[in-house]
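The values are calculated or read from the model by the stated rules, or taken from the named source; none is laboratory data. Please read all numbers here as calculations on a predicted model, not as lab measurements. Cβ: placed from backbone, ideal geometry, glycine included. Neighbour counts: every protein chain shown.
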Amino acid sequence: MILPPNLNLLDGAAIYEAQITHYTAYINSHPDWELAGIYADDGVSGTNTKKREEFNRMINDCMTGKIDKVITKSISRFARNTVDCLNYIRKLRVKNHGHVPQYYVENSHEAIIPREIFMQVQEELIRRRIVHTSPNGKNRTFSSTHSFSNMIICGGCGEFFRRIHWNNRGKKSVVWRCISRLENTGQFCDARTVLESTIEQVLVAAINQTLCDKDSFLSVLKDNIETVLSHGNDTALTDIDKRLGELQAELVKLANSKTEYDKVGDEIYRLRDEKQKVQLEIIGRDELKKRIADMGEFLRKQPTAITEYDEPLVKRLIEKVTVYEDKFTVEFKSGVTVDVIE
């Protein structure tokens with residue numbers, strides 16, 4: 001507890017006693033706190049720390065571990081000199097680079113967002129970081145410029161198609177073209193250029209194919225769900241949590257043995273990474289089940305074929321479109337694929 005310097009006679013004594021009473025009561029209100037001492041330099045200016053015996057004694061007690069927390073009326077009590085003030089504040093904070101054991105505690109407090117949502121965000125961040133790796137090794141990242149961005153793929157070279165505005169002899173049109181024909185990707189590609197309106201018509205035709213043969217596609221969706229469920233590995237997460245609990249307990253016992261402590265710590269970090277991978281797999285599997293169920297619901301509730309392009313519906317159902325010379329292969333998010341012949 002630091003009290004201000006330059007306390008004068010009766011007023012100073014009153015302030016001194018009032019602050020002692022206040023801070024002593026404050027400290028006593030915390031059962032897990034213990035008053036280490038009161039440090040007050042009566043009549044000594046705070047512009048220089050050299051002559052502040054009580055202040056220096058307090059800093060020394062902090063450095064030797066006698067004090068864990070310093071309570072002061074304001075940060076200016078450390079020093080009127082800004083340089084000195086910052087020096088002491090930073091001096092009392094030391095990064096733990098192996099000086100003392102570190103502990104990783106899971107679920108110590110209520111999360112800001114549910115774990116399920118957090119893991120979904122992590123999966124989406126990973127998906128957006130690298131959406132597609134080209135045959136030449138170049139990573140293509142996420143783009144939301146257009147609803148077809150990252151959706152149209154060349155069946156010849158495997159590159160994405162890019163949206164282009166054409167002006168051919170005064171006739172304007174919007175087309176999609178393979179990136180290999182627009183950039184120097186190091187590979188030759190003669191994939192055709194496709195009108196945006198053609199892609200829209202293809203998607204309408206693909207969705208209508210599933211609607212015209214509902215029973216067959218619903219049967220495929222049922223098989224897809226069974227396949228997803230058969231690849232579940234929920235027990236792995238339980239096993240990892242159990243092992244992490246054992247290692248956490250072991251870590252506490254090995255606090256004084258640095259070699260063994262570090263070995264257990266490394267194993268904990270490895271298991272944490274493995275746990276996150278399993279969680280992402282579970283989230284991905286659950287997401288696929290939702291997509292399959294969503295398409296099943298659409299097929300059951302849509303009574304007739306659709307007559308025009310519906311962008312929200314395409315975003316909801318379609319994963320990608322692969323362009324070939326004589327056909328389009330449309331892959332739904334549920335895993336179902338449909339060929340549309342031109």
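Quick notes on this one:
- Taken over segment 285-340, residues that are surrounded by 14 or more Cβ atoms within 10 Å (Cβ to Cβ) and small (Gly, Ala, Ser) amount to 3.
Let's see how each residue does on (1) in the same structural domain as residue 19 (by TED's automatic domain parsing); (2) modelled with pLDDT under 75; (3) closer than 15 Å to residue 88 by Cβ; (4) out of contact with any strand residue (DSSP E or B) (no Cβ under 9 Å at 6 or more places or on another chain):
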site	(1), (2), (3), (4)
32	yes, no, no, yes
36	yes, no, no, yes
41	yes, yes, yes, no
49	yes, yes, yes, yes
54	yes, no, yes, no
61	yes, no, yes, no
65	yes, no, no, yes
76	yes, yes, yes, yes
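- Test: residue in segment 91-105 that is touching a helix residue (DSSP H, G or I) at 6+ places or on another chain (Cβ under 9 Å), part of a helix (DSSP H, G or I) and at pLDDT below 70: yes
- Of all residues making up segment 296-327, the number that are in contact with a Gly (Cβ under 9 Å, 6 or more places away or on another chain) and either of a type outside the set (Val, Ile, Thr) or assigned to a helix (DSSP H, G or I) (or both): 4
- Filtered residue count, segment 328-340, keeping only those that are touching a residue at least 40 places away in the same chain (Cβ under 8 Å), over 17 Å from residue 196 (Cα atoms) and part of a strand (DSSP E or B): 2
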